[in-house]
Amino acid sequence: MGVELRDISCLFGRTPAVRDISLSVPEGEFLALVGPSGAGKTTLLRIIAGLQPGYTGHVAIGTRDVTQVPARQRNIGFVFQNYALFRHMSVADNVAFGLKVRPYRRRPNRAAIAARVSELLELVQVGALAKRYPAQLSGGQRQRVALARALATEPELLLLDEPFGALDPLVRKEIRTWLRGLHDRLGLTSILVTHDQDEALEVADRIAVLRDGRLEQIGTPAMLEDAPATPFVHRFLGETVGFQAMSQAGSLRLEGAWRSVGATLPPAPPGAGSVLLSVRPYAVGLAQTQPGQEGARVLGVQRSGAFLRYRIAPSEALEAEAVTLLVPASLPALSPGSLCALDLSAARLFPSADDPMPQKAGRAVSAVDA
Amino acid sequence: MRVALAAGRRPRTPAIIPGALPAFGLTLFWVGLLVLLPLAALAERPWENGAPWLLATLTTPRTLAALRLSFGCALCAAAVTTLLGLLLAWVLERVRPPGWRMLDALIDLPFALPTAVAGITLATLYAPTGWIGAPLAGLGFRIAGTPVGIGVALVFVGLPFVVRTVLPVLRDLPGELEEAAATLGARRGQIALRVLLPALFPALATGFGLAFARGVGEYGSVIFIAGNKPMVSEIAPLLIVIRLSEDDYAGAAGIGLLMLVTAALCLMLVTLLRRRLPAMRGVAG
């Protein structure tokens with residue numbers, strides 16, 4: 001079932017954890033909530049689950065307004081970051097829990113519960129572990145058991161709070177692909193919280209980027225990449241290099257240290273003012289300059305997988321302004337010390353005032369320190 | 001250049017703490033001197049008049065009654081203490097009533113109080129003329145001078161053992177367990193019974209064992225309230241003291257040995273049961 005959030009706000013003491021978020025998740029969608037830690041994504045997920053007291057606004061699951069409904073009556077499946085398996089119960093008992101605690105009239109009989117449990121354990125591919133205890137399982141197995149437990153009550157909505165955080169990278173990749181397959185097969189509606197943008201880009205239909213409790217942008221991965229609403233969104237979904245520029249009378253010009261470097265720029269936005277050019281390090285074109293042409297200085301080149309990693313500065317004296325760019329190794333290499341022409345036409349433009357955390361022009365920023 | 005390698009030599013694994021070996025030796029020496037040697041003496045002493053004599057002394061009705069009373073009261077008191085201790089720990093950790101810090105500090109009072117002081121206090125309170133004893137006497141209940149009185153004293157001294165073992169476990173239970181149960185549709189009562197209580201069982205078992213062991217040997221806090229009537233409210237440790245005052249060292253040591261063996265067996269049983277608890281599955285310990 002779909003989810004509808006209207007004007008959700010939540011305070012932790014005096015600090016707002018979630019500020020006025022409205023969004024809707026259509027039935028069958030896989031939505032990822034991403035953002036740096038402290039962005040409010042887990043709080044938002046807990047509000048949807050009914051685990052977070054003291055929020056304002058409205059939550060609807062399907063056609064039912066559940067704002068006043070406690071967690072146990074919301075019919076959701078929740079997978080916790082640390083799995084929260086019941087240690088004193090076998091795997092089978094963990095999965096059966098949601099069925100066994102039902103009121104007598106709605107509780108399936110023993111045989112039906114046992115059948116459902118083994119069906120679910122097969123579904124998550126841990127059928128052989130029914131009699132084991134959580135302490136005897138590996139991280140990936142616990143993850144699958146937690147998922148089976150959450151699915152046992154046939155929830156309308158599956159909520160996942162950083163479910164892959166504790167897994168090693170290989171298992172992580174495998175299990176998230178598998179989870180996406182399961183989502184499609186069972187026709188679930190799922191909301192995943194993660195701080196790993198790659199994970200979100202890989203599994204989600206749409207991504208909601210949160211920052212400081214606010215919804216920065218929501219859209220498909222392609223939309224967020226092609227038309228990021230803010231520099232933050234662009235920066236969060238991948239590495240970026242930023243340049244300050246000035247837009248005036250229909251033309252765009254680099255500012256600061258890079259001013260004297262002749263670069264190909266995207267078309268100027270309407271109006272005048274300061275502009276931030278944000279570009280992926282692999283989307284910048286680098287070419288040998290023609291004789292007499294102005295250019296940037298190549299400080300160093302390093303092979304990095306299928307790419308060459310260039311350190312480029314406006315001039316040798318301005319090494320502090322250096323940026324790192326990635327160029328496919330198949331292109332002809334430029335030698336250190338040579339001049340190069342920059343092609344920044346793939347850069348996204350943002351009015352500079354858009355970015356409350358202005359970055360130094362020409363400094364590569366990764367999502368981690370954002 | 002090839003280096004000649006000595007065959008069959010494993011690199012020595014460094015000790016975890018510096019000086020582990022001397023520390024280990026010293027510990028063993030002290031344990032031997034302070035614990036094992038006296039225990040060996042205790043085990044050796046009772047047999048000096050011969051086994052038939054020992055059997056006869058230990059099976060007199062008075063001795064049997066005292067042993068039955070000590071173990072029975074300790075068992076009942078440990079059970080009550082476990083329930084009360086769980087309740088107290090729960091209130092301290094989850095309810096946090098105003099002044100809970102004060103209460104938290106008071107829990108340890110029986111640890112610190114000289115047992116004789118506790119004994120006199122309890123005896124005064126529960127005497128037929130005491131603050132608690134008088135109203136109860138009006139209703140026809142007698143506490144002082146009966147096994148119930150002994151139980152009251154044992155609960156008093158045993159309570160901190162249970163609270164102090166359960167409280168940290170309760171504190172460390174991840175909140176997600178309750179939240180997970182709630183999202184799966186469990187009501188508050190079901191969460192408490194099916195999720196929290198089983199998770200606390202190992203700690204409760206340990207607390208029970210400690211309270212029981214303390215109760216069996218408790219002397220100072222009991223003798224004042226117990227009244228010490230032979231066959232009715234005379235506890236085994238008191239009987240040991242009586243035997244000693246009669247210069248019957250063999251008899252005293254005999255009762256002591258029997259108590260030691262029985263208490264050790266009881267603790268072993270608790271440990272075994274604890275290991276079989278579902279909450280301990282797949283966990284070392």
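Applying both filters, DSSP loop and at most 12 other Cβ atoms within 10 Å, to the GluC sites (Glu not before Pro) of the range B:169-257 gives B:Glu246. Within the shell of other residues whose beta carbon sits under 13 angstrom from the beta carbon of B:Leu87, the net charge comes to 0, with Lys and Arg scored +1 and Asp and Glu -1. Placing unit charges on the Cβ atoms of the charged side chains and taking the dipole of the range B:72-234 about its Cα centre, the candidate lying farthest along the positive direction among B:Val80, B:Pro128, B:Pro174 is B:Pro128. Cα centroid separation, the range A:131-145 to the range A:284-301: 56 Å.
No solvent, one uniform scatterer per C-alpha: report log10 I(q)/I(0) for the range B:72-234 via the Debye equation at q = 0.19 1/Å, two decimals. Cα-only, vacuum Debye calculation for the range B:72-234: -1.14. Can you work out the FRET efficiency for the pair B:Tyr219 and B:Arg187, with r the C-beta to C-beta distance and R0 = 45 Å, to the nearest 0.05? Calculated value: 0.45.
Multiplying the residue separation of A:Gln293 and A:Ala227 by 0.36 nm and subtracting their alpha-carbon distance yields 20.5 nm.
Each Lys and Arg Cβ is given +1 and each Asp and Glu Cβ -1; about its Cα centre, chain A then shows a dipole of about 1600 debye.
Note on the range B:128-197 and the range A:13-69: Cα centroid distance 39 Å, given to the nearest whole angstrom.
Provide the net charge surrounding A:Gln73, with neighbours chosen by a C-beta distance below 11 Å and charges set as Lys +1, Arg +1, Asp -1, Glu -1.
Details: positive: A:Arg64, A:Arg72, A:Arg74, B:Arg187; negative: none.
Residues close to A:Gln73 contribute a combined charge of +4.
With a Förster radius of 60 Å applied to the beta-carbon distance between A:Ala60 and A:Gln248, the computed FRET efficiency rounds to 0.80. Note on B:Ala116 and A:Gln81: their simple-model spin labels are 5.6 nm apart, each label 7 Å out from Cα toward Cβ.
Charged side chains reduced to their Cβ positions (Lys and Arg at +1, Asp and Glu at -1) give the range B:72-234 a dipole of some 260 debye around its Cα centre. As an exercise, use a Förster radius of 60 Å and the Cβ-Cβ distance of A:Ala329 and A:Tyr104 to find the FRET efficiency, rounded to the nearest 0.05. Efficiency computed from Cβ-Cβ geometry: 0.30.
Helix content alone sets the calculated 222 nm mean residue ellipticity of chain A: runs of n ≥ 4 DSSP H residues at -39500 (n - 2.57) each, divided across all residues, give -6500 deg cm²/dmol.
Look at where the Cα atoms of the range A:78-129 and of the range B:34-52 average out, and the two centres are 56 Å apart. The lysine pair count for the protein assembly as shown, using Cα distances under 29 Å and pairs eight or more places apart or on different chains, is 4. Extending 7 Å from the Cα toward the beta-carbon at both A:Arg309 and B:Arg171 defines two label points whose distance is 4.6 nm. Stretched out straight at 0.36 nm per residue, the stretch from B:Ile16 to B:Asp247 would grow longer than its current Cα-Cα span by 78.1 nm.
In terms of packing, defined here as the mean over residues of other Cβ atoms within 10 angstrom, the peptides A:77-90, B:34-47, A:112-125 line up highest first as A:77-90, A:112-125, B:34-47.
Spin-label model, A:Val69/B:Trp131: points 7 Å from Cα along the beta carbon direction are separated by 5.3 nm. Taking the Cα centre of the protein assembly as shown as origin, sum charge times position over the Cβ atoms of Lys and Arg (+1) and Asp and Glu (-1), and report the length of that vector in debye to the nearest 20. In debye, rounded to 20, the protein assembly as shown gives about 1660.
Per the accessible-area calculation with a 1.4 Å probe, the total area buried between chain A and chain B rounds to 2200 Å². Positive contributions from Lys and Arg (+1) and negative ones from Asp and Glu (-1), summed over other residues with Cβ under 12 Å from the Cβ of A:Ser37, come out at -1.
The values are calculated or read from the model by the stated rules, or taken from the named source; none is laboratory data. Keep in mind the model is a prediction, meaning the values are calculated, not measured. Cβ atoms come from the backbone with ideal geometry, glycine included; neighbour counts cover every protein chain shown. Remember, those area values only see protein heavy atoms, side chains included, never the ligands or the DNA or RNA. Shrake-Rupley method; radii C 1.70, N 1.55, O 1.52, S 1.80 Å.
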